[in-house]
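Notes to accompany the following structure.
The values are calculated or read from the model by the stated rules, or taken from the named source; none is laboratory data. Just so you know, these numbers come straight off a predicted model, no measurement behind them. Quick reminder, even Gly has a Cβ in these numbers, built from the backbone with ideal geometry, and neighbours come from all protein chains shown. These accessible areas exclude ligands, DNA and RNA; they are computed on the full protein's heavy atoms, side chains included. Shrake-Rupley method; radii C 1.70, N 1.55, O 1.52, S 1.80 Å.
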Amino acid sequence: MRTWIKICGTTCVEDALNSIEAGADALGFIFCASQRRVTPEQAQSIIRELPQEVEKIGVFMDTAAGEIRRMVEEVGLTGIQMHGESDFPAAIYSSLPENRRDRLRKIKTIPVREGFESRFDAQAAAAGVVDAWLFDPGAGSGVAWDWRGVRARLGERQGRFVIAGGLKPENVAEAVCAFRPWGVDVVSGVEREPGRKAPEKLRAFVAAVRRAEEA
């Protein structure tokens, strides 16, 4: 299975194009508190320069449904990723543009902490609202975790599981082999400084994921 790769924290056209050249399937644009936060106008100017087939994911933290809809429509997003303590409410799904809501990638983050399995079960019960789940110790934590142990705790549960947190070229192959996720999401592990990507790290990261798929 080909692993979906998202490079998050995109702040400029140069980094976006380097990520795509390296082999990214999706780029993330952060609209909540972060060193990598971009304005809607900045994101829109970057997205205009990108190929249509590359996914453009907006990252939000407990954002109002109306604001998310506005960003999707104005910025040109093809997906949304929800962080925060709140669930992914049906109100957000219902507020998305009707002609696009089912085609948009809808990702909900599940913080990997005690009881995360129950939280996943509760939100997964709302069929169709979320189509991918991101497991991370904490939004933007940059901390690696026990990928094999977490997958074991999920048991027979299946879905489009994305892993994030502490991933970098040196360990992403191990993470993919241990968890066998649908996708991976990286920010700081491919940067030369906060908010700017390192082309050589981007290439190494994607290459490591592709090698792990064959293991």
Per GNM of the chain with C-alpha springs under 10 angstrom, the most fluctuating residue out of Gln42, Gln158, Gln123 is Gln158
If the chain between Ala215 and Glu170 were fully stretched, how many nm would it gain, using 0.36 nm times the residue separation less the Cα-Cα distance? 14.6 nm
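Per the 1.4 Å probe, what fraction of the accessible area of the chain, in percent, lies on carbon and sulfur atoms?
Working: 4630 of 9680 Å².
So the carbon and sulfur contribution to the accessible surface is 48 percent.
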Please report, in debye to the nearest 20, how large the charge dipole of segment 26-158 is about its Cα centre when each Lys and Arg carries +1 at its beta carbon and each Asp and Glu carries -1 there. 160
So, with points 7 Å from each Cα along the Cβ direction, the Arg153-Asp131 label distance in nm works out to 2.8
Charge-dipole axis of segment 73-122 as Lys and Arg at +1 and Asp and Glu at -1 on Cβ define it, positive-most pick from Ile107, Thr78, Leu96: Thr78
Projected onto their principal axes, the Cα atoms of segment 152-206 stretch, largest extent first, over whole-Å spans of 39, 18, 14
For the chain, which longest stretch is free of loop sites, where a loop site is one of the GluC sites (Glu not before Pro) that DSSP puts outside H, G, I, E and B and that has at most 13 other Cβ atoms within 10 Å? 1-48
If you take the alpha carbon radius of gyration of the chain and divide it by 2.2 N^0.38 Å, what ratio comes out, to two decimals? 0.95
Accessible area in square angstrom per residue, segment 101-196, 1.4 angstrom probe: 44
For segment 1-98, with only Lys/Arg (+1) and Asp/Glu (-1) charged at the beta-carbon, what is the dipole magnitude about the Cα centre, in debye rounded to 20? 100
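Using a cut-off of 13 Å between beta-carbons, work out the net charge of the residues near Val187 (Lys and Arg +1, Asp and Glu -1, Val187 not included). Please list the in-between numbers first.
Working: positive: Lys6, Arg36, Arg37, Lys168, Arg192, Arg196, Lys197, Lys201; negative: Asp15, Asp136, Asp185, Glu191, Glu193.
Combined, the nearby Lys, Arg, Asp and Glu give +3.
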